[in-house]
Amino acid sequence: MKRALIFLAVTFAITYLYDFLVVYPIALGEAPYASAFVSAELTYTAAVAVTMLFPALGVVITRLVTGEGFANCVMKPKPVRQSLPWFAVAWFGPTLLVIAGAVVYFLLFPGDFDPTASAFVEAQRAAAEQAGIDGASLAALDGIVANPLLLVLPLLGACAIAPALNIVATFGEEWGWRGYLLPKMARRLPIVPTLLITGVVWGLWHAPLVALGHNYGTGYPTAPFGGIVAMCLWCILLAVFLSYVTIRTGSTLAAAFGHGALNGAANGAILFSLTGGNPFIGPTCTGIVAGLPLLAVAALMLWDLRRREKAGTLAVPEAGLPDGVRKERR
């Protein structure tokens, strides 16, 4: 547990310092180092993406400082027959859960469903006209309203390759949370409290960004604390899913693929919402209604992990060395 605490201290310190010294000035328009040639939104997005690398940096620093070395990095998967089905679940599962969540939301709130994505297209048309975009591009936008498949098919294609496109950033997070913290805590605690604690820790790690509006916006009642609590609950569910595929494959890569798939698909349902929805409700998967499919799957996965633990067949990958054991004395 000592190395886990060192990892947390290093990761939180680096992340919070970076958020307050770099991300906040950019978000508030007070960063003199922000490029004048790049939009403020793109600069902010890039700055936030950098934070995803810090858990991996925390692992490297912890392993070096404690003399643990780089044994047991939780990267090499189990044999293909065992791991491949769960890599497929990691790759495609989050997109299917996002779609299922959107279906649940729109069934409960049919008045918000915009099957032709007309509200989205109109917003894009207004932005294009303001920017002086050529008529051919405007005609293409009109074509989407006439044939929504022109939007749906590219969107699904983008979701299919998102795990690969996002792998660098998502591995940066997952090697820390699922590839180091999870195995360290699972040595000392049963699997259920391990996943609850790691989920809450992961949510709190996002707290500075949530306060800026990440996932839940700003200006809502209880802001920003309500958003931080919601983020912790959301991270618990997602931590169960990502931990499950990590355990079943033996590799952090599965979690990285799953995280990348979710990042790629998460906001797709907004395109078919007349109002843009509510981040606490849906149609994005962070909402309580649109998140119901993930809740159901996470509950089933947690039950299976607990069942395996009771039967003595749960094998959480080992990360590094036990506390007090250094590489040269192993």
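A short reminder: the numbers here are calculations on the coordinates, not readings from a lab. Keep in mind it's a predicted model, so treat the numbers as computed, not measured. When we count neighbours, we look across all protein chains shown, and the Cβ atoms used for this are built from the backbone with ideal geometry, even at glycine.
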Calc'd 3J(HN,Hα), segment 194-203, phi into Karplus 6.51 cos²θ - 1.76 cosθ + 1.60 (θ = phi - 60°), Hz, glycine/Pro = x, comes to 4, 6, 5, 5, 5, x, 5, 4, 4, x
In degrees, nearest 10, the alpha-carbon axis of helix 292-311 is tilted away from the dominant principal axis of the alpha carbons of the chain by 10
Checking ILE228, ILE161, ILE99 against a Gaussian network model of the chain (alpha-carbon springs below 10 Å), the top fluctuating residue turns out to be ILE161
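Taking a quarter of the surface of the Cα convex hull of the chain, what do you get in nm²? Kindly include the intermediate steps, with their values, before the conclusion.
Details: hull surface 76.0 nm².
Convex hull of Cα atoms, orientation-averaged projection: 19.0 nm².
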Calc'd 3J(HN,Hα), segment 20-26, phi into Karplus 6.51 cos²θ - 1.76 cosθ + 1.60 (θ = phi - 60°), Hz, glycine/Pro = x, comes to 6, 8, 10, 5, 4, x, 5
The answer for chymotrypsin sites (Phe, Trp or Tyr not before Pro) in segment 36-118 that fall in a DSSP coil and have at most 12 neighbouring Cβ atoms within 10 Å is PHE37, PHE70
Descending packing, highest mean Cβ count within 10 Å first, for 210-219, 251-260 is 251-260, 210-219
Under 5 Å from the placed amide H of SER273, counting only residues 5+ away or on other chains, we find ASP114
Percent relative contact order for the chain, counting Cα pairs under 8 Å at least six residues apart, stands at 30
Reduced to Cα centres, the span from segment 257-329 to segment 179-220 in Å works out to 11
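Per DSSP H run of n ≥ 4, the term is -39500 (n - 2.57); total these for the chain, divide by its residue number, and report the mean residue ellipticity at 222 nm rounded to 500 deg cm²/dmol. Don't skip to the end; give the middle numbers.
On the way: 15 runs with 212 residues, N = 330.
So the helix-based figure for the chain works out to -21000 deg cm²/dmol.
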With ALA56 itself left out, Lys, Arg at +1 and Asp, Glu at -1 over residues whose Cβ is under 10 Å from its Cβ give -2
